[in-house]
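Okay, so here's the structure we're looking at.
All of the numbers you see were taken from the coordinates with simple rules; none came from a lab. Since we're looking at a predicted model, the values are computed, not measured. Positions of Cβ are generated from backbone atoms using ideal geometry, with glycine treated the same way; all protein chains shown enter the neighbour counts.
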Amino acid sequence: MLPITVWGLALGQALLVTGNILLVSVTALIGQKIAPDLGLATLPAALQFLGLMSATLPAAHLMRWFGRKVGFLVGNLIGVGGAVLAAFALAQEAFVLFCVSTLLLGMAIGVGQQYRFAAIEGCSPAQHPRAIGLVMGGGVVAAVLGPNLAVWSEGLAPGSDYLGAFYVLIGLYALTTLLIASLPLRAPDYAEQHGETRPYAQLLSQPALVAAVTAGAIGYGVMVLVMTATPLAMQACGFGFDSTASIIQWHVLGMFLPSFFTGRLIARFGDTRIIQVGCLLLVLCVLLNQLGITYWHFWLALVALGVGWNFAFIGATTLLTHTYYPAEKAKVQGMNDFLVFGFSALGALLSGHLQAQVGWELLNLLMLPAIAAAMLLVWWSAHRLRRQAVAVD
């Protein structure tokens with residue numbers, strides 16, 4: 001049985017991702033409405049990614065010295081402040097303030113990415129894959145709740161478009177703050193604060209660490225790039241918004257629903273094998289997108305993309321936990337998340353350009369070399385570990 005802390009963090013993840021989906025639903029539309037130039041309409045969304053990336057390393061080091069509870073409370077309070085500022089900026093139609101608010105909200109999301117790492121600290125090593133999977137499984141709730149909250153919130157502020165979404169967002173962050181304050185999160189011990197640490201060069205000499213970071217970053221980057229380009233491709237093929245929204249919702253379910261059994265699969269078959277299966281599902285997505293442009297081609301491809309991301313990301317997170325000493329936890333986890341979410345931001349930025357310049361089929365084919373590189377590094381890492389085990393015996 002997993003500890004209550006893991007279940008609490010899973011609920012916190014559900015609330016965090018719900019707020020993120022709610023934010024994604026309205027940010028570009030608000031930018032389009034209040035930006036002084038239409039070319040700046042997506043700047044608030046870009047600043048959200050920047051805030052997320054910038055928070056990963058400082059958040060990890062803050063938690064090393066002051067503990068997970070302090071770090072998560074700081075992150076959620078930044079989220080409350082960002083949501084309050086966003087509501088004020090929208091009411092005043094102040095674009096610059098709105099940009100500052102999305103930067104703050106991105107930072108709050110960046111701090112929350114550490115929930116999956118915090119989950120493994122309160123359970124035995126054998127339970128680590130299941131704990132990570134359960135926390136990531138909170139996204140299933142968000143996949144259903146987020147879009148519906150975006151629609152429901154319109155009635156909270158009838159005189160202003162989208163203002164109600166930020167009232168809901170304030171509530172979500174406030175509720176998560178209370179949840180985190182009530183959880184018995186473990187304080188950092190002496191080994192985590194003062195134990196042995198190695199320089200980055202020595203850490204990155206470990207094949208397993210390089211494989212974990214590469215698989216996580218490439219898996220996330222490919223998923224975001226193809227997912228972001230899908231609505232553009234479907235629109236070009238004549239599909240309406242309802243069809244596109246349905247495909248994306250199934251994709252998000254594919255991303256998070258397997259989390260409830262991915263951990264058990266990792267415990268049975270090993271993290272590297274599950275990462276490889278995830279990469280093969282990403283390849284399947286690419287191939288399906290070469291075969292046709294019907295609704296069901298898009299549906300099958302995006303579900304495969306979601307499940308492939310889930311296996312690759314949770315597998316990579318589990319593999320990463322085997323590569324550092326207690327005192328190195330902050331620097332390795334922070335570096336990993338910085339690179340992973342940096343690649344996701346790059347994927348989001350490149351998707352529209354590639355879709356416009358090379359088209360849907362070639363855009364997908366361009367993902368194959370990156371996926372192959374991740375698979376090769378994961379195979380190499382597993383091969384090296386097997387050789388080392390044989391040498392020891």
Simple label model, 7 Å out from Cα along Cβ direction - Cys123 to Phe260, nm: 1.5
Contact order relative to length of the chain, as percent, for alpha carbon pairs under 8 angstrom and 6 or more apart: 24
Amide N of region 228-245 lying under 18 Å from the label point, which is placed 7 angstrom from the Cα of Asp161 along Cα→Cβ: 241-242
Mean Kyte hydropathy of 0.5 or more with a Cα span along the axis of at least 20 Å, helices from DSSP in the chain: 4-34, 43-66, 68-92, 95-112, 138-152, 163-182, 207-236, 241-256, 271-291, 295-320, 329-358, 367-392
Förster radius 51 Å - calculated FRET efficiency between Ala356 and Val70, Cβ distance, rounded to 0.05: 0.70
Distance in nm between pseudo-label sites at Leu29 and Ser205 (7 Å out along the Cβ direction from Cα): 5.4
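Given R₀ = 41 Å, FRET efficiency for Asn148-Glu196 by Cβ-Cβ distance, to 0.05? Don't jump to the answer; show the numbers that get you there.
Values: r = 49 Å, r/R0 = 1.19.
With R0 = 41 Å, the Cβ-Cβ based efficiency is 0.25.
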Spacing of the two label points (7 Å from each Cα toward its C-beta) at Val96 and Leu385, in nm: 5.2
Cα gyration tensor shape of the chain, rounded if a/c is under 1.5, else prolate or oblate by comparing a/b with b/c: oblate
